[in-house]
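Read the structure below first, then the notes.
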Amino acid sequence: MRKHLIWTSATLALALIGSITACGGSPSAATASPASTCVNPSAPRHAYVVVEHLSGASVQACVGFSTDAIDGQTLMDKSGIKYQFQKFSFGSAVCQIDNEPSQYSQCFPQNQPYWALFIESGGKWGSAANGYTEAALHDKDALGWHYVQASDPSPAPPPAAKE
């Protein structure tokens, strides 16, 4: 029983750190509304941001790049999808994406929904090992966000990125 509690606590801590690293400390905002076409479509590589709201509605943006990889912060900034984050001692965490939640006073209020972070690579989603600022996405990879209930023990990733 003790091992299970330790593992569960460690797993929850990693999930929260990944989400918090995606959140932040003092709110900061990033750019306009979702892009409808690929930003820099003539670039040789493309990465995606896929956002699924609590309602099930989703938005997606594509960003073209010419380097081997694009970091999650740059991808989010160039995607055109509005988001706000806070900086914490352990990194940045996303608190709001595409106006969800509509307002907030804390990035991770207890027992409230939060933004779960996923990475899609090779057509398969996986939970992010680190926060979005640490992610390195390659051609056709995606940064995925799903706004989920705090009570969900195993949040599902957002829908697959559409090229």
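The values are calculated or read from the model by the stated rules, or taken from the named source; none is laboratory data. Given the structure is predicted, the values throughout are model-derived calculations rather than measurements. Counting neighbours? That spans all protein chains shown, and the Cβs are built from the backbone with ideal geometry, glycine included.
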Taking first residues from the range 68-81 that are assigned to a helix (DSSP H, G or I) and second residues anywhere that are of a type in the set (Phe, Trp, Tyr) and surrounded by 23 or more Cβ atoms within 10 Å (Cβ to Cβ), the pairs with Cβ under 7 Å that are 6 or more apart or on different chains are Gly72/Tyr132; Gln73/Tyr132; Met76/Tyr83; Met76/Tyr132
Of (1) in contact with a helix residue (DSSP H, G or I) (Cβ under 9 Å, 6 or more places away or on another chain); (2) aliphatic (A, V, I, L, M); (3) under 23 Å from Pro101 (Cβ atoms), Ala129 satisfies every one except (3)
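Only residues that are of a type in the set (Val, Ile, Thr) and modelled with pLDDT of 95 or more: list them for the range 112-137, please. Break it down into steps so the answer makes sense when it comes.
At the first step, the residues of the range 112-137 found to be of a type in the set (Val, Ile, Thr) are 119, 133.
Selection gives Ile119 alone.
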(message) Criterion first (closer than 25 Å to Ser154 by Cα, outside any strand (DSSP E or B) and at pLDDT 90 or above) does Leu54 satisfy it?
(response) yes
(1) under 19 Å from Thr37 (Cα atoms); (2) without any contact (Cβ under 8 Å) to a residue 24 or more places away in the chain all hold for Glu52 apart from (2)
Quick count over the range 79-93, residues being buried (at least 21 other Cβ atoms within 10 Å of the Cβ) and at pLDDT 95 or above, is 3
